[in-house]
Amino acid sequence: MIVRLGLLTVVLALLVWFARQYTARAGRRTLLRARVRLNRYKFARKRFVVEALMSEPELREAVEAHMHMSGETEDEAWRKVRTYLDEIVPFFNVLAYYKFGYGVSRALLKLLYRVTIDYERPDPFRGVPRDAIVIYVMNHRSNADYVVVAYALVGDVSVSYAVGEWARAFPLEYIFKAFGSYFVRRKFRDPLYHAVLSRYVQLITRNGVTQGIFPEGGLTRDGKLQPPKIGLLDYALQVAKNKPERDRMVLVPVGINYDRVLEDRSLLRELAAREGRGRPNRLVQIGEVFRYITLNVGRLMIGRWQQYGRAAVTIGAPVRVTDWLDSLTAQGVDLFALERGQRLQRVQEFSDNLMERIGALLPVSPVPLACAALQTFDSELVMKDALLARMSDLRDVLPALNARPVLEERSIEAVFESAWLMLRMRRVLTRQGDMFVILPKGRELISYYANSVAHLLGPYAAGIRARDALPASSHSRGLG
C-alpha cells in the first residue's frame, strides 16, 4: 500500500512537472508568434509579490497605525493585509491572455463591432525610451472598454487594468487576474487597504508593468466625460520621486467611443434612480437581459445578426511625467515636498488636463454625430435634408477643434445611413416619407450619445446641452 502511494505521488509530481514545462514552452512560442513586448515582472509569482510587499517598511508602519486606531492585535492586522493582497494581486498567465483572451475578444469584437483604431500622430511612441513605464489613461464608456483597448494594443503590449469590484464574481475574477489585472475597491475608506493598494501600484509601476487606468472611476451614466478621480494616478506618480523612474514614466491618453454601448439603457436607468426618477426593477432587468440574449441568439441562428456599428479607439501622444514635474520646478514648486493637500491639488490639475486631452481624442462615430445633430433641432420631427445638412455642418467643425470623425472620407449620406441602421434597430427613430420622427423612448438615448461628443462641436455645443436640459414634457411638442 505504501509503495503504491509512493508511486502515485511520483507519477503526480512528474505530471505536474511536465505540465509546467509544456505551458512554459507554449507560452514562449505564443510570445514569439505574437511579437509582443512583455515586462518580466508580470511573470513574477503571486507569492513572491506578496512577500515583497509584506516586507516593505511603509506597510509595516501602516499596520502599526492601523493597530493604534482600531485596537486590533498585530496578527489580526497582518491577516487583514494578507486578505487585501490576495484580493488585489493577480497571477498573469501568458496563455490565458494571448491564446484564450485575445482569441475570444477578437471573435466577440468582430461579432459585435467594426473596430477602428487611430493615432494622434503617425509614430505615437517616438522619443519614448524602450524601457518606458507606460500608463494608459482612458475614458470609461462601457465594460467592453477593457476588451476593445486590449485588442487595439495587443500587438504591442499587454495591459494590467485597474478593475472595479463589479468583476469580483466567479468566473470573472479569475479571468481578469489571469490577464494580469488587479482589483480596486471603490469608495472604501479603510486607510490600511489604501496603504496596501498604493504599495502594490507603486511596486508594479517601479518595475515597469504597463497599466490601464480609467480616471473617471466608473462608467459614465449620462454620456458626458466625468471629472477625474486621482487616487490611482497619485499612487503611481509617487514613483517619480526617483529621477530614473521619472525619466521613464509616460502617460498615454486614449479616447474610446461607440455607435452602441451595450449597457446604455441600464446606465440611463441608474442615472434616473440617482436623480429620484424611479428605481430599476431587478426582475424587469433580468427579463430584459434574458430577452436580449434570446433574440440575438435567434438572429445568429437564422442569419439575421447585425453588428452594432463602430467601436473606435484613438491613442494619443505620450505625456512625459518629467516634463510636467520640470514645469512645476520652473515655477518654484517641488511636488513631493508639498503637504498632502497641496500635492493632491497639483495632481488634480494634472489629471484635469489629461481628461481634456482624452476628451479631444474621442472619436466621433456615425451614431454620436447623428444624435448630436438631432439634438440641435427643437422638434421631434426632422426633415431628412435638414438633418443631413446639420450633420455636415457638425462634421466640418470637428477638424478645426482637432477632433476625429470616423468615416471622414465618406459622404455625409453614407455616414447617416450607418447611423440610421442602428437608430432604427434600437427604435430611436422612425421614418415617415422625407421626415424622421424621434420615438417617445428615443430621446434619452439620443441625449446619451450626443453628450459623448458635444464638447467637440464648438459653436453647437451650447445648443446641444440646452436641448438636453429641457424638461421631458417639452420633448413631445413636435408630435402634436
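Key figures
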item: Hits in segment 51-78 (condition: free of Cβ contacts under 8 Å to residues at least 12 places away in the same chain, surrounded by 12 or more Cβ atoms within 10 Å (Cβ to Cβ) and within 27 Å of residue 177 (Cβ to Cβ)); result: 60, 76
item: Any chance residue 292 is among the aromatic types (Phe, Trp, Tyr) and modelled with pLDDT of 85 or more; result: no
item: Residue check, residue 273 modelled with pLDDT of 95 or more and either buried (at least 22 other Cβ atoms within 10 Å of the Cβ) or more than 15 Å from the chain's Cα centre (by Cα) (or both); result: no
item: Filtered residues of segment 81-93 (kept if buried (at least 18 other Cβ atoms within 10 Å of the Cβ) and farther than 17 Å from residue 172 by Cα); result: 81, 84, 85
item: Where residue 436 falls short, out of the listed (1) modelled with pLDDT under 90; (2) buried (at least 16 other Cβ atoms within 10 Å of the Cβ); result: (1)
item: Sole residue being modelled with pLDDT under 90 and either in contact with a Ser or Thr (Cβ under 7 Å, 6 or more places away or on another chain) or at negative phi (or both), chosen from 373, 469, 450, 386; result: 469
item: Unique residue being assigned to a loop (DSSP other than H, G, I, E, B) and either surrounded by 20 or more Cβ atoms within 10 Å (Cβ to Cβ) or more than 29 Å from the chain's Cα centre (by Cα) (or both) when the list is 382, 313, 333, 367; result: 333
item: Criterion violated by residue 429 - all others in (1) modelled with pLDDT of 95 or more; (2) open to solvent by 30 Å² or more (accessible area, probe 1.4 Å) satisfied; result: (2)
item: Residue pairs meeting the criteria (Cβ under 7 Å; at least 6 apart or on separate chains; first at positive phi, in segment 302-314; second open to solvent by less than 60 Å² (accessible area, probe 1.4 Å)); result: 309/113; 309/259; 309/260; 309/365; 309/366; 309/367; 309/418; 309/422
item: Within segment 336-349, considering residues that are of a type outside the set (Lys, Arg), under 27 Å from residue 226 (Cβ atoms) and part of a helix (DSSP H, G or I), the one most open to solvent (accessible area, probe 1.4 Å); result: 345
item: Of the criteria (1) among the polar types (S, T, N, Q); (2) open to solvent by 10 Å² or more (accessible area, probe 1.4 Å); (3) modelled with pLDDT of 95 or more, which one residue 307 fails; result: (3)
item: Set 407, 335: member being aliphatic (A, V, I, L, M), farther than 30 Å from residue 306 by Cα and in contact with a helix residue (DSSP H, G or I) (Cβ under 6 Å, 6 or more places away or on another chain); result: 335
item: Conditions (1) over 20 Å from the mean Cα position of the chain (by Cα); (2) at negative phi: number failed by residue 264; result: (1)
item: Any chance residue 80 is under 30 Å from residue 185 (Cβ atoms) and either in contact with a His (Cβ under 9 Å, 6 or more places away or on another chain) or hydroxyl-bearing (Ser, Thr, Tyr) (or both); result: yes
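Here's the yes/no breakdown for (1) free of Cβ contacts under 8 Å to residues at least 12 places away in the same chain; (2) out of contact with any Leu (no Cβ under 7 Å at 6 or more places or on another chain); (3) not charged (D, E, K, R):
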{"position": "212", "(1), (2), (3)": "no, yes, yes"}
{"position": "227", "(1), (2), (3)": "no, yes, yes"}
{"position": "231", "(1), (2), (3)": "no, yes, yes"}
{"position": "237", "(1), (2), (3)": "no, yes, yes"}
{"position": "240", "(1), (2), (3)": "no, no, yes"}
{"position": "244", "(1), (2), (3)": "yes, yes, yes"}
{"position": "251", "(1), (2), (3)": "no, no, yes"}
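The values are calculated or read from the model by the stated rules, or taken from the named source; none is laboratory data. What you are looking at is a predicted structure, and each value in this text was computed from that prediction instead of being measured. Methodologically, a virtual Cβ is constructed for each residue, glycine included, from the backbone with ideal geometry; neighbour enumeration extends over all protein chains shown. Just the protein is used for accessible areas: all its heavy atoms, side chains included, with ligands, DNA and RNA removed. Shrake-Rupley method; radii C 1.70, N 1.55, O 1.52, S 1.80 Å.
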